[in-house]
Amino acid sequence: MKPSAWCALLLLVSAVLCVLGVAVGSTGWSPPWALQGDALAWQIVWDIRAPRCAGAWLAGALLGLGGAVAQGLFRNPLADPYLLGSSSGAALGVALFLALLGVSPASTQWLVRLGLTGAAFAGAVLAVLLTLSLAKGVQHTLRLLLAGVVVGVVLGALSALTMLMVPDIMRAMQAFMLGTTGFLGWGSVMILGPVLVLSALVAWGCSRALDAISLGDAAAVSLGVRLGWVRVLLVGALALSTGAAVAQAGLISFVGLVAPHLVRSRVQTTHGPLLILSALAGGVLLLAADILARWALAPQELPVGVLTAVLGGGYLLWRMHRI
């Protein structure tokens, strides 16, 4: 199938999952069209289920896009949005924001959600810059991986220290660390949507440069790619997409790593279509995981980050077994 056909298929699957998502509640399946005339039930669908589905899809799309950018920028198929310690940096930013202002991630106020996203973005950017500084650039993959691990551990320890010093935020941060879509509302959608558009536009604009970078730095320079500016733009897009997704949905594992792999296993294409397809695949994966997390043990709910870790890890182990 051509990339355009896969794009249409993923959009169709996304639409079907959205319908299923708004039909899943704590009491089981209740299709939206069967709730007409019930004002309370319809309010639950519109104010809780619908924004949760939209937010989950957008957060997954951001992680899928970030994974494709990271793998292309660092020429490493094992790269994910959290490779450079950005997740730990974003978590630390959110922990400091909650500790200093005393707000809750469950807040539906638009300014609070925007502040959480800004704090996560600032933490993610600082973590990425620190990792790149320790690794002395992106030329040495092993040095980069080690620097990312070190920065992630140190910033994770600072997040834990913040929680110990301010115990009131520990419960909220626990849900955040496990990954949850339960806090997503229309305010989150209003933030995630523009961030996805901006990040996708920046990544798409650098897609030809990513094609050249895949041939090596020397080849990219010979083709006229300004590596310094391209890397700044792509790292900014990576940090923004990761920070926004982490701020709104917590730490969601494996979506950013698995989505580009799924696309590459089905489509051989350049980075332009790959970025878009990875974003669509990430949205599908996280929305499907969210529906499964709500339905599997209803009325109880599984942390979606735990579910994506189990399923994503199982998929990668299966792929390794087949190699």
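The values are calculated or read from the model by the stated rules, or taken from the named source; none is laboratory data. Predicted model only: the values in this text are computed from it and were never measured. Methodologically, a virtual Cβ is constructed for each residue, glycine included, from the backbone with ideal geometry; neighbour enumeration extends over all protein chains shown. With ligands, DNA and RNA removed, areas are computed over all heavy atoms of the protein, side chains included. Shrake-Rupley method; radii C 1.70, N 1.55, O 1.52, S 1.80 Å.
Side notes on the structure shown:
- Of all residues in region 76-95, those that are more than 18 Å from residue 178 (Cα to Cα) have Cβ atoms under 6 Å from Cβ atoms of residues that are open to solvent by 20 Å² or more (accessible area, probe 1.4 Å), 6 or more apart or on another chain, in 76/141.
- Check on residue 118, open to solvent by less than 70 Å² (accessible area, probe 1.4 Å) and modelled with pLDDT of 80 or more: no
- Count - residues of region 273-295 that are at pLDDT below 90 and touching a Ser or Thr at 6+ places or on another chain (Cβ under 9 Å): 2
- Flag for residue 133 being open to solvent by 40 Å² or more (accessible area, probe 1.4 Å), at pLDDT below 80 and either in contact with a helix residue (DSSP H, G or I) (Cβ under 7 Å, 6 or more places away or on another chain) or part of a helix (DSSP H, G or I) (or both): no
- On inspection, residue 218 passes the criterion of being aliphatic (A, V, I, L, M), over 18 Å from residue 270 (Cβ atoms) and assigned to a helix (DSSP H, G or I).
- Residues (open to solvent by 30 Å² or more (accessible area, probe 1.4 Å), more than 15 Å from residue 94 (Cα to Cα) and in contact with a helix residue (DSSP H, G or I) (Cβ under 6 Å, 6 or more places away or on another chain)) located in region 154-188: 186
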